[in-house]
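Here's the structure, in structure tokens; my notes come after.
The values are calculated or read from the model by the stated rules, or taken from the named source; none is laboratory data. Just so it is clear, the model here is predicted, and its values are computed rather than measured. For neighbour counting, all protein chains shown are included, and Cβ atoms are generated from backbone atoms with ideal geometry for every residue, glycine included. With ligands, DNA and RNA removed, areas are computed over all heavy atoms of the protein, side chains included. Shrake-Rupley method; radii C 1.70, N 1.55, O 1.52, S 1.80 Å.
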Amino acid sequence: MAENSNPAEALAVRTTKETTKTNKGIVENTKSDKGAQVRKYAGLLSIFTFVLSVLIIAVAIWLLYMRDYDCEKLLRLPRLQMGIGIGLIFVSLISNIVVFLRSRFAVPGFFIVMVPLIVMFTMGLALVGANKMESKRLVATPMWFREKIRNHDDWENIKSCIFSSGTCDDLVSRSLNLKAFDFSIKKLSSIESGCCKPPSICQMEYVNATFWIKVDGAVDESQLQYSDCATWRNDPSSLCYNCGSCRRGFVRIMESKWRNLGVLLILMGLLLVIAHILLFVMVMWER
């Protein structure tokens, strides 16, 4: 009976071993499949990060070669513009180096790239005027621009620059043949609308772009002291350069440019931060 039972036992032992090997093979195949998937997604993220880096370089080149707005040099903004452009080039290089060496220096590379990306993201928040991210001392933020036009000396320099740039003279030459209605629907820049013509609330009679006649009784006298109507002069050297609308128009143009740059910095910084975090997690998973 013992001899008859030995083949059965041997068969059971052999079956158990084969089942164990099969299970191990399934587990190993599953692990290899997961590893392949991780490497695949890591490769796609690397490509995505590289494309973002190329876009960052494109923005940097745009900043380095973009024409300065009128009177920006008085506020030393071209230097900031150049500094941001050069900084973006370094961010792009650091990002690509970290992606290329991610398998060797995953942890230090991750922390090295996070520092400039967080700075980039924070600066973007400041430029768009995000809550508690702007300051009177932080250049090119909305609060900084408003502080500049409140300062008498700064505004006198800006006002002289706007006059010297010939913005209002150019507006006159472009609208010589326009009637009152045609001029009223003409699209003007913030500076042209605020500095070269009286505010619409004054209801003055149009002669040309920079010459308007005050109409008696058109505006309530109690409103005149709170508006720029009394400040307006037909003198080409005065016009509405001393009006609050002129200051607001200048700030609006400056804010528009730098807010757009801030939005770009936020989007690119946020996308790169997410991409590098995911790459770091995948590298750790592979290990």
query: Which FRET efficiency value, to the nearest 0.05, do you get for VAL115 and ILE61 by plugging their Cβ-Cβ distance into 1/(1 + (r/R0)^6) with R0 = 25 Å?
result: 0.60
- prompt: Looking at PRO78, VAL98, MET114, which one has the Cα that reaches farthest to the positive end of the dipole of the range 64-117 (charges on Cβ: Lys, Arg +1; Asp, Glu -1)?
  reply: VAL98
- request: Report the full-extension gain for the segment LEU101 to ARG150: residue separation times 0.36 nm, less the Cα-Cα distance, to one decimal in nm.
  value: 12.6 nm
- prompt: For the range 88-196, which whole percent of the accessible surface, found with a 1.4 angstrom probe, sits on carbon and sulfur atoms?
  reply: 61 percent
message: Take the residue pairs LYS187/LYS257; LYS197/LYS257; LYS179/LYS257; LYS159/LYS187 and return only those whose Cα atoms are more than 29 Å apart.
response: LYS179/LYS257
- prompt: If you stretched the chain out fully between LYS187 and MET284, how much longer would it get, using 0.36 nm times the residue separation minus the C-alpha to C-alpha distance?
  reply: 29.3 nm
message: Using the Cα centre of the range 39-179 as the reference point, and only Cβ charges (+1 on K/R, -1 on D/E), how large is the resulting charge dipole? Debye, rounded to the nearest 20.
response: 600 debye
message: Distance between the C-alpha centers of the range 222-286 and the range 73-140? Whole Å please.
response: 19 Å
statement: A chain fully extended from VAL51 to ASP216 at 0.36 nm per residue, minus the present Cα-Cα distance, gains in nm 53.1 nm
- line: Along the range 101-115, Karplus-curve 3J(HN,Hα) (6.51, -1.76, 1.60; θ = phi - 60°) to the nearest Hz, with x for Gly and Pro, reads 9, 5, 6, 8, 10, 5, 5, x, x, 4, 6, 5, 6, 5, 4
message: Spelling out what I want: for every residue of the range 167-184, take phi, set θ = phi - 60°, compute 6.51 cos²θ - 1.76 cosθ + 1.60 (Karplus), and round to whole Hz; glycine and proline get x.
response: 4, 6, 4, 5, 4, 4, 5, 7, 10, 4, 9, 8, 7, 4, 5, 4, 5, 5
